[in-house]
Structure formats: C-alpha cells, structure tokens
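Accompanying notes for the structure given below.
The values are calculated or read from the model by the stated rules, or taken from the named source; none is laboratory data. The structure presented is a predicted model; accordingly, all values stated were derived computationally and were not measured. Ideal geometry is used to build each Cβ from the backbone, glycine not excepted, and the neighbour counts take in all protein chains shown. The area values use the complete protein model at the heavy-atom level, side chains included, leaving out ligands, DNA and RNA. Shrake-Rupley method; radii C 1.70, N 1.55, O 1.52, S 1.80 Å.
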Amino acid sequence: MTKEWLERLRGNLEPLLQSADPRQTAFSAYHDMPYAIFHYPPSDELELRQELVLLATRLEQHGKRVTEISLTEVMHDLIRDDMPTPSLAMAERDSGAEKLVEQIHAYLSETNPLVDAVVQRVPHDVEPTRDVIFFNRAGGLFPVYRTSALVEHLYGRLTTPAVLFFPGSLAGPAGLSFMDAFPPEHNYRPRIF
C-alpha cells in the first residue's frame, strides 16, 4: 500500500514541477512567492530523502535542473565557526537547553540570518522555467528555528520555483505543525501539498 504523502508527491506535486512554468500553475497565489510546501510525517524522513533523489532524476529527464539545499547543512555551516560544539555544550551546561535554543535562534535570526545563507546557495544562473529548488532536511532546524520564519523571509527574494519539504502535519487548510511538536502555525501563504 502506497503512503498518502507519496501519492501527493507523485500525483500532485510532480506534475506541477514538470510543467513549463510551475509559477503559472497555482504554485502560489503570490507572484513574488514562487514556492510551495510539501508536508510529510517526520518519521518518514529517510524514505522521503530516497524519494527526492528519484523525483529529481525524473524532473531532470523532463529538462529541469534541480538544486537541493539542505537546511540542516546551512545551519551547521553558519554556527560551526562562531559556536563550536564545545562552546555549545558549555553554554547548555551553564544556562540550560532552553536558553541555548534562544541564543541559537537569535543568532540565526539576527546576527547571521539563516535566510541570507539559504538564498546564497541558490545558483546565480537560475531560470524560472528550467530550475527547481528543493529545501530539504528542515527537521534539523528543530527546535531552534521555525520554518514559518524562513518562508516569510524568503518572500520576494526567490524567483525560481521551490519546494520546502516540511516534516510535520497539516492542521486545517493552511496550518502546519513543525515536527508534530509545535502548535500549528496558520500563517503559511504558499500552497501546501
């Protein structure tokens, strides 16, 4: 039996990504927000990663160029130099996990914005009718950075069709619960698959 998210991926999202210009296929109601969100159970992370490799291959066979941007990797690269692991461990020991989460969040929001580093990883020669961006491994941001903040800060900064692969569940027509651990955010504006 096929999983529900796999049916949505192959039957709903993939045909839109294969289209000549996914921005014109109700990918988003906003012209300067050409991205969508695809939700899946956090427990299926490894299976999703395998399926994304296959999806990228199928899209490339349709003339698309797929760029995958690991949000976990971007965050790790940002904090690695300024917050080495021994420093993080000492900060957690001295101040507690909650305070450390607040410090990392402030760092990724204000000092060294995660969204700037994500945008820098988008190829400079993108063509909106050819390129597709996959933002994956979002679960690695948990619990220090919410994907809703990333989505809002990408507004107006991305011209290429992109999909944020979101580990969590749908709540109502536009609410998402990150990692099925946070209360649902209902302010997502991109189309949710």
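Of all residues in region 98-144, how many are part of a loop (DSSP other than H, G, I, E, B) and under 18 Å from G156 (Cβ atoms)?
Residues in region 98-144 being part of a loop (DSSP other than H, G, I, E, B) and under 18 Å from G156 (Cβ atoms): 6 in total.
Given the condition among the hydroxyl-bearing types (S, T, Y) and open to solvent by 20 Å² or more (accessible area, probe 1.4 Å), answer yes or no: does some residue in region 170-191 qualify?
Among the residues of region 170-191, not one is among the hydroxyl-bearing types (S, T, Y) and open to solvent by 20 Å² or more (accessible area, probe 1.4 Å), which makes the answer no.
Kindly check whether there is at least one residue in region 77-84 that is free of Cβ contacts under 8 Å to residues at least 24 places away in the same chain, in a helix (DSSP H, G or I) and within 17 Å of the chain's Cα centre (by Cα).
Within region 77-84, none of the residues are free of Cβ contacts under 8 Å to residues at least 24 places away in the same chain, in a helix (DSSP H, G or I) and within 17 Å of the chain's Cα centre (by Cα).
Just checking, how many residues over region 144-165 are closer than 16 Å to F27 by Cα, of a type in the set (F, W, Y) and over 9 Å from the mean Cα position of the chain (by Cα)?
Of the residues in that region, 1 qualify.
Output the number of residues of region 137-155 satisfying the condition of being open to solvent by 50 Å² or more (accessible area, probe 1.4 Å) and touching a residue at least 60 places away in the same chain (Cβ under 8 Å).
Number of matching residues: 2.
How many residues are of a type outside the set (S, T, N, Q) and under 24 Å from I133 (Cα atoms) when one looks only at region 68-96?
Result for region 68-96: 10.
Does T129 count as of a type in the set (S, T, Y) and under 18 Å from the mean Cα position of the chain (by Cα)?
Here the answer is no, as T129 does not meet what is asked.
Looking at region 44-63, which of the residues that are in contact with a helix residue (DSSP H, G or I) (Cβ under 7 Å, 6 or more places away or on another chain) and among the aliphatic types (A, V, I, L, M) is farthest from R10 (Cα to Cα)?
Looking at residues that are in contact with a helix residue (DSSP H, G or I) (Cβ under 7 Å, 6 or more places away or on another chain) and among the aliphatic types (A, V, I, L, M), I get L59.
Do we have S28 as outside any loop (DSSP other than H, G, I, E, B) and either modelled with pLDDT under 95 or under 15 Å from G139 (Cα atoms) (or both) here?
no
Could you go through region 93-116 and let me know if any residue there is open to solvent by less than 60 Å² (accessible area, probe 1.4 Å) and touching a residue at least 60 places away in the same chain (Cβ under 8 Å).
No; the residues of region 93-116 include none that is open to solvent by less than 60 Å² (accessible area, probe 1.4 Å) and touching a residue at least 60 places away in the same chain (Cβ under 8 Å).
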